[in-house]
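The values are calculated or read from the model by the stated rules, or taken from the named source; none is laboratory data. None of these values were measured; they are calculated from a predicted model. Cβ coordinates were reconstructed from backbone atoms using ideal geometry, including for glycine residues, and neighbour counts include every protein chain displayed. These area figures cover heavy atoms from the full protein model, side chains too; ligands, DNA and RNA do not enter into them. Shrake-Rupley method; radii C 1.70, N 1.55, O 1.52, S 1.80 Å.
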Number of protein chains: 2
Amino acid sequence: MHAIFSDIITIGDELMIGQVLNTNSSFIASELTKIGVTIQRIISIPDREQDIILTLNSCLASSDIIIITGGLGPTSDDITKGTLAAYFGGNLKIHEESYKQLEFFFKTRRAKISERNMKQAELPDNCIVLPNKNGTAPGMLFYQNNKPVFSLPGVPFEMKALIMEEVLPVIRKDFELPFKSNITVLTTGLAESTTADMIGEWENKLPPDITIAYLPAPALLRLRISITGNNNYQIKNKLNDHVSELVKILGKNHVFGFDEDTLQEVAGKKLLTNNLTLSTAESCTGGNIAQLITSIPGSSDYFMGGIIAYSNSAKIEQLGVKASDIELYGAVSKSVVEQMAVGVRKVFNTSFGIATSGIAGPGGGSEEKPVGTTWIALASPNKVTSAKYLFGDNRERNIIRASLTALNLLRIAIDDFAKNSK
Amino acid sequence: MHAIFSDIITIGDELMIGQVLNTNSSFIASELTKIGVTIQRIISIPDREQDIILTLNSCLASSDIIIITGGLGPTSDDITKGTLAAYFGGNLKIHEESYKQLEFFFKTRRAKISERNMKQAELPDNCIVLPNKNGTAPGMLFYQNNKPVFSLPGVPFEMKALIMEEVLPVIRKDFELPFKSNITVLTTGLAESTTADMIGEWENKLPPDITIAYLPAPALLRLRISITGNNNYQIKNKLNDHVSELVKILGKNHVFGFDEDTLQEVAGKKLLTNNLTLSTAESCTGGNIAQLITSIPGSSDYFMGGIIAYSNSAKIEQLGVKASDIELYGAVSKSVVEQMAVGVRKVFNTSFGIATSGIAGPGGGSEEKPVGTTWIALASPNKVTSAKYLFGDNRERNIIRASLTALNLLRIAIDDFAKNSK
């Protein structure tokens, strides 16, 4: 079995002037790497025929697979489709199924279909059409010397769906790939260097076919453990053994899930399966916790609602916080945040109430309570707990860190409560 | 004056597996574009000698300037320096000034200097050394046929400083550059194809030195208008004239700002300057509107708070919606969303109250009210208005579209109110 090489070509003037980040290429590189394809080059070029042709020539000379994104839209600067049709010796013709799908797409949105849009159903007669459920520009698959050349729209969520549902299956069918497997262990509340120290011994013992990557993000540290081998069953077992050991070292309070799990999803599922409900009282996080929770489909089954108590009077009138305590201890204090959590739990009549109060920044800090100071409280059916955190000086990251920390406290509290009620 | 072309080569295995976003290339592309250099290709390759050589051959054949980042670190996978020294026919030798700077770098950090680190002062004897004040790997400048080839470290803040302080001055000195300018017009509520039809005539009249790019995102369409020329003052005036005309065609209700503006920032500023305040009552957007508003520093000056009324009882008890109206019209209705807006405005005693109620999906839709159906209401000091929208079938985007649409309604309402109060 030899290595299979792929090139990624991203087309778009917006990339050449640095206006947008090339998130498409990192997504594609990541997904192809997972199934054992080696990415050889990632090339970004403008919407210009000559550049597309020269790049295709060069890529077809050295790679087994080529994936192109961008330039399939309905406007005048989108020239990829016509260029590819000509390059591979085909002509643009109305593609019946795509035409019908376009009609349906606009009908369900009760929008009129313009002539410009109908042109999106004109496709090269020498390609396999890859239907795009999420947009108006279908993907295309050409073959040259048995090498697949995929052309996908540049809109990220349309491209992503096409990669997962159309591109990966074709690659798996066309090529004999080594088996790869990986598990990403999701942790929160751990710094990168602390983690490296904690798991140093485990890491040193890893066999050469297993590798680890540290992927940090605000309040999160993802650890991706990868394995490659010729026996799918064996590598999966071996990987699971090493990951179990890793999870034991890191501990349940830090490890909240695997792969694509999110804290809001994990906590939400635990609420649902235990028939528990939640409400939120947010000051410094400004609705971000509620927004994360309600991003999950079906969250209305366990999330009753929340109050964003940005002003002191909202804290007093909506949540029943004592005005005298705000005066005495300040809005960012143990006393106030606990009253907020208890208050919101009562208002919405829920099992749990989460509350946050902090100084997100950049203004509002003091010597005693610098920017980043954050109190988080959790009112449970039988108790109320709270803790103080000192995050950093970046508003955006302070809000994310406070939100995820609160969700993790909730996750742990649900487990505790469910265990004790049994 | 002819166009000056540059290629960007980013080197690093981490890019090829999609582990990190290539933020370096977009920064470099953006800075070079600003001074009038045209980026021709951005190529990412692994840390492998053969790939570096082949890519350099190809880039030197077609571009005037080459900028390389990555692979200059002290570890074994960093091979860029040795490869470039050999490629351009030089040898690695201790560079005295860099050696002294390294000593100083570690001394000020009170760290011991390892042999591995000292190797960073070994530099090709055929390059101009570009001192790196922020790290241990200096940048390098080679010339081949009068074409500058820059090699910079991949650590973003080290690379950025070298671009601004060393690379741009060399390029300005070596080449006669045209002036460039661009303005991005930010719109909401317009589809790409509708916009293309609306501005078709304007677009057809554009002189050849002005180009337009469509950059769509959920609920947003950004239009970037760029100009190139030899007289900085003239091109700016010319660009402004064309942009003014474009804004007139698109209309104030759709154009909400320019360049890096956001709806939440624009609406927030309008509230602040007019001494107005805001509260939110969110059902389907689940806190996302409040989260967007409070992401802006200083938003506590005009945002008093919000209620996330995810359940019917929260709508009734917290916002004063009539239970009989929920029964009669459903929670997703004109009557309910208007009562929510009026209710929250009263609860928080604010100038404006925004409310949303819709079916974000994927569940909860019906024939009469399919997924994506969304009511948005705005209670102003003197009236309450509402409108129904039919978004798509993707939960995440429905939430974004509802939130941005609501913020745009608020923006328009503030202008109306401020005008009428004068």
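The test for being in contact with a helix residue (DSSP H, G or I) (Cβ under 9 Å, 6 or more places away or on another chain), under 30 Å from B:Val247 (Cβ atoms) and open to solvent by less than 10 Å² (accessible area, probe 1.4 Å) holds for B:Thr188.
Residue by residue through the range B:371-408, note down the ones that are within 9 Å of chain A (Cβ to nearest Cβ) and among the hydrophobic types (A, V, I, L, M, F, W, C). Matches in the range B:371-408: B:Leu390, B:Phe391, B:Ile399.
The set of residues in the range B:5-36 that are surrounded by 20 or more Cβ atoms within 10 Å (Cβ to Cβ), in contact (Cβ under 8 Å) with a residue 60 or more places away in the chain and of a type in the set (A, V, I, L, M) comprises B:Ile8, B:Ile9, B:Ile11, B:Ile28, B:Leu32. Among the residues of the range B:3-39, those identified as within 19 Å of A:Arg48 (Cα to Cα), at pLDDT below 95 and not in a helix (DSSP H, G or I) are B:Ala3, B:Ile4, B:Gly36, B:Val37, B:Thr38.
For the range B:372-383, the criterion of being open to solvent by less than 50 Å² (accessible area, probe 1.4 Å), in contact (Cβ under 8 Å) with a residue 60 or more places away in the chain, part of a helix (DSSP H, G or I) and among the β-branched types (Val, Ile, Thr) is satisfied by no residue at all. May I ask you to list the residues in the range B:50-107 that are within 14 Å of another protein chain (Cβ to nearest Cβ) and open to solvent by 30 Å² or more (accessible area, probe 1.4 Å)? Within the range B:50-107, B:Gln50, B:Ile53, B:Leu54, B:Asn57, B:Ser58, B:Ala61, B:Ser62, B:Asp77 qualify. The number of residues in the range B:131-157 being of a type outside the set (Lys, Arg), out of contact with any Cys (no Cβ under 8 Å at 6 or more places or on another chain), surrounded by fewer than 19 Cβ atoms within 10 Å (Cβ to Cβ) and not in a loop (DSSP other than H, G, I, E, B) comes to 4. Looking across the range A:386-403, the residues that are surrounded by 15 or more Cβ atoms within 10 Å (Cβ to Cβ), out of contact with any Asp or Glu (no Cβ under 7 Å at 6 or more places or on another chain) and not in a loop (DSSP other than H, G, I, E, B) come down to A:Tyr389, A:Arg395, A:Arg397, A:Asn398, A:Ile399, A:Ile400, A:Arg401, A:Ala402, A:Ser403. Pairing residues of the range B:197-216 that are in contact (Cβ under 8 Å) with a residue 40 or more places away in the chain with residues that are of a type outside the set (S, T, N, Q) and open to solvent by 20 Å² or more (accessible area, probe 1.4 Å), at Cβ distances under 7 Å and at least 6 apart in sequence or on separate chains, gives B:Met198/B:Ile249; B:Ile199/B:Ile249; B:Trp202/B:Glu245; B:Trp202/B:Ile249. Is one or more of the residues making up the range A:87-98 out of contact with any helix residue (DSSP H, G or I) (no Cβ under 9 Å at 6 or more places or on another chain), without any contact (Cβ under 8 Å) to a residue 60 or more places away in the chain, within 24 Å of B:Ala213 (Cβ to Cβ) and outside any loop (DSSP other than H, G, I, E, B)? Checking the range A:87-98: not a single residue is out of contact with any helix residue (DSSP H, G or I) (no Cβ under 9 Å at 6 or more places or on another chain), without any contact (Cβ under 8 Å) to a residue 60 or more places away in the chain, within 24 Å of B:Ala213 (Cβ to Cβ) and outside any loop (DSSP other than H, G, I, E, B). Filtered by the rule that a residue be in contact with a Gly (Cβ under 9 Å, 6 or more places away or on another chain), buried (at least 19 other Cβ atoms within 10 Å of the Cβ) and either more than 9 Å from chain A (Cβ to nearest Cβ) or among the polar types (S, T, N, Q) (or both), the range B:194-219 gives a lone residue, B:Ala219. Go through the residues of the range A:171-178 one by one and say whether even a single one is open to solvent by less than 40 Å² (accessible area, probe 1.4 Å) and either small (Gly, Ala, Ser) or without any contact (Cβ under 8 Å) to a residue 60 or more places away in the chain (or both). No, the range A:171-178 has no match at all.
Conditions tested, residue by residue: (1) more than 10 Å from chain B (Cβ to nearest Cβ); (2) within 19 Å of B:Ser299 (Cα to Cα); (3) at pLDDT 95 or above.
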site	(1), (2), (3)
A:Gly268	yes, no, yes
A:Leu271	yes, no, yes
A:Thr285	no, yes, yes
A:Ile289	no, yes, yes
A:Ile293	no, no, yes
A:Ile307	no, yes, yes
A:Ala323	yes, no, yes
A:Ser333	yes, no, yes
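The criterion of at least 1 residues that are buried (at least 23 other Cβ atoms within 10 Å of the Cβ) and touching a Pro at 6+ places or on another chain (Cβ under 6 Å) is met by none of the helices (runs of 4 or more DSSP H) wholly inside the range B:239-332. The criterion of being surrounded by fewer than 19 Cβ atoms within 10 Å (Cβ to Cβ) and more than 10 Å from chain B (Cβ to nearest Cβ) holds for A:Glu367. Scanning the range A:176-207 for residues that are assigned to a loop (DSSP other than H, G, I, E, B) and of a type in the set (Gly, Ala, Ser) yields A:Gly189, A:Ala191. Using the structure shown, decide if B:Leu162 is within 22 Å of B:Ser26 (Cα to Cα), open to solvent by less than 50 Å² (accessible area, probe 1.4 Å) and without any contact (Cβ under 8 Å) to a residue 40 or more places away in the chain. Yes, satisfied. Candidates are the residues of the range B:220-235 that are exposed (fewer than 15 other Cβ atoms within 10 Å of the Cβ) and in a helix (DSSP H, G or I); the one that is nearest to the other protein chains (Cβ to nearest Cβ) is B:Asn232. Does the range B:335-345 contain at least one residue that is outside any helix (DSSP H, G or I), away from chain A (no Cβ under 12 Å), in contact with a Leu (Cβ under 9 Å, 6 or more places away or on another chain) and buried (at least 19 other Cβ atoms within 10 Å of the Cβ)? Looking for residues that are outside any helix (DSSP H, G or I), away from chain A (no Cβ under 12 Å), in contact with a Leu (Cβ under 9 Å, 6 or more places away or on another chain) and buried (at least 19 other Cβ atoms within 10 Å of the Cβ), one finds none in the range B:335-345, hence no.
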